[in-house]
Amino acid sequence: MRRRSLLIFLGAISLAQAAFAQDAVYGDTAVNKKTVSLKKYKLDELPLDKVAAIEVLSVQWDTARLGFVQVGMGNRRIEAVPSLPYDQYLQQYIRQQYGEKLTASGVHLLWAVKDVRINERTFQMSEKSFCRLKADAYISRDGQQYALVQAFDTVIVRGGMDVTKRHDENISRALHQLLRTTLEKGLPLLDEQPALQPKDAIKAAQLAALDIPILTDAAYTDGVYASFGEFKANKPSITAFKTIKSRNRFKLYEDNASRTPIENCWGFCAKGELYRVVGDAVIAIEKSGHGFVVSNYLQAARRRNQAMLWSAVGGGMIGSAIAAGAMKPYMVTTIPYITRQHPEATALDMETGELTL
């Protein structure tokens, strides 16, 4: 049985190496990136004469990319990147799309944009593109004191045969929906004397939300995280643990005399490497900007988490589970209005800890 398990493990490692070999050949070059530029689009008319300014505060967790798209006959995954630095990308688009229609006597809008994420997936008869936009929207009469209008979170889904060329328009449509709902909710709100906050305080609080131990600490603490909160705090509640194979399933248990099983954990850290646990799956993740990306979507040249390929931690049990997981895409199933044909999960939602596109 031990020999059979070893052969299975070695086979999984070989498959994982083969799967990533193409990335290694290409390396970190322009051929592995799709640049997404935003231009002016024909969109539904909105009462922009009631708006004086739209300011974008970029607090995205992934400052390296917009997501991943497919290229070639084999649908190889490559990074999608913005055409400008994040602090300019959305603001310049807002200026060119809406700037000439704004009126100095109107209200001021402030958007703290937390996530602009694109993804695409091929199905049997077509392709689908996905665009997720998350932002906190504020409104003000004077541009100094702002009221919170909404915590906006939507995913736009569009089908077709070549969706890679439409991601720019999807981003513009998501931003237009944010603008529409901000005005629909925000203009009446101003007449209700809402609680106001200084703009500088809002910006400071939004930026402070990115300052969490798992992102700022010099090292990760080995152990098992019972919750996403423990992960963010870099404080696993169980620091002595081992692995076990039970009925052909990967299991964690406490390293104590009774070998207490660890059920329903969020994830774990072993020898400085991070893993998300979803059901029976062990998914290697690693830091990117102010968040975490599923490791097998990163280029081999930059993939820090080599345990996925070489079983560097925990012996063959963890290594084989990770290698097997590297061959399988995981779906984003937490978006209630997407009930079928889900997008692939490529990263963590840094507000909920769930897998996101």
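The values are calculated or read from the model by the stated rules, or taken from the named source; none is laboratory data. Keep in mind the model is a prediction, meaning the values are calculated, not measured. Counting neighbours? That spans all protein chains shown, and the Cβs are built from the backbone with ideal geometry, glycine included. Heavy atoms of the whole protein, side chains included, go into the accessibility calculation; ligands, DNA and RNA do not. Shrake-Rupley method; radii C 1.70, N 1.55, O 1.52, S 1.80 Å.
The figures follow:
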| item | result |
| --- | --- |
| Out of Glu127, Glu100, sole residue that is open to solvent by 10 Å² or more (accessible area, probe 1.4 Å) and under 17 Å from Lys39 (Cβ atoms) | Glu100 |
| Some residue of the stretch 286-306 being under 23 Å from Gly67 (Cα atoms), within 14 Å of the chain's Cα centre (by Cα), buried (at least 22 other Cβ atoms within 10 Å of the Cβ) and modelled with pLDDT under 75 | yes |
| The stretch 203-231: number of residues that are touching a residue at least 60 places away in the same chain (Cβ under 8 Å), open to solvent by 30 Å² or more (accessible area, probe 1.4 Å) and part of a helix (DSSP H, G or I) | 2 |
| Yes/no for Val149 being in a strand (DSSP E or B), open to solvent by 20 Å² or more (accessible area, probe 1.4 Å), hydrophobic (A, V, I, L, M, F, W, C) and touching a Phe, Trp or Tyr at 6+ places or on another chain (Cβ under 9 Å) | yes |
| Residue that is nearest to the chain's Cα centre (by Cα) [pool: residues in the stretch 271-285 that are within 14 Å of Asn234 (Cα to Cα) and either of a type in the set (Val, Ile, Thr) or assigned to a strand (DSSP E or B) (or both)] | Arg276 |
| Check on Arg95, modelled with pLDDT of 90 or more, outside any loop (DSSP other than H, G, I, E, B) and of a type in the set (Lys, Arg) | yes |
| Candidates Ala195, Ala137 - the one that is among the aliphatic types (A, V, I, L, M) and within 23 Å of Tyr89 (Cβ to Cβ) | Ala137 |
| Residue match in the stretch 194-202 (condition: outside any strand (DSSP E or B) and touching a residue at least 60 places away in the same chain (Cβ under 8 Å)) | yes |
| Check on Ala53, modelled with pLDDT of 90 or more and small (Gly, Ala, Ser) | yes |
| Residues satisfying the stated conditions in the stretch 26-50, i.e. modelled with pLDDT under 90 and small (Gly, Ala, Ser) | Gly27, Ala30 |
| Residue in the stretch 131-145 that is open to solvent by less than 10 Å² (accessible area, probe 1.4 Å), modelled with pLDDT under 95, under 21 Å from the mean Cα position of the chain (by Cα) and more than 30 Å from Asp49 (Cβ to Cβ) present | no |
| Tally, over the stretch 180-198, of residues that are under 19 Å from Leu57 (Cβ atoms) and open to solvent by less than 40 Å² (accessible area, probe 1.4 Å) | 4 |
| Residue match in the stretch 236-249 (condition: under 26 Å from Leu348 (Cα atoms), open to solvent by 40 Å² or more (accessible area, probe 1.4 Å), in contact (Cβ under 8 Å) with a residue 40 or more places away in the chain and not in a strand (DSSP E or B)) | no |
| Candidate set: the stretch 35-64, residues that are basic (Lys, Arg) and in contact (Cβ under 8 Å) with a residue 24 or more places away in the chain; chosen: the one surrounded by the most Cβ atoms within 10 Å (Cβ to Cβ) | Lys50 |
| Selection status of Glu120, surrounded by fewer than 20 Cβ atoms within 10 Å (Cβ to Cβ) and assigned to a strand (DSSP E or B) | no |
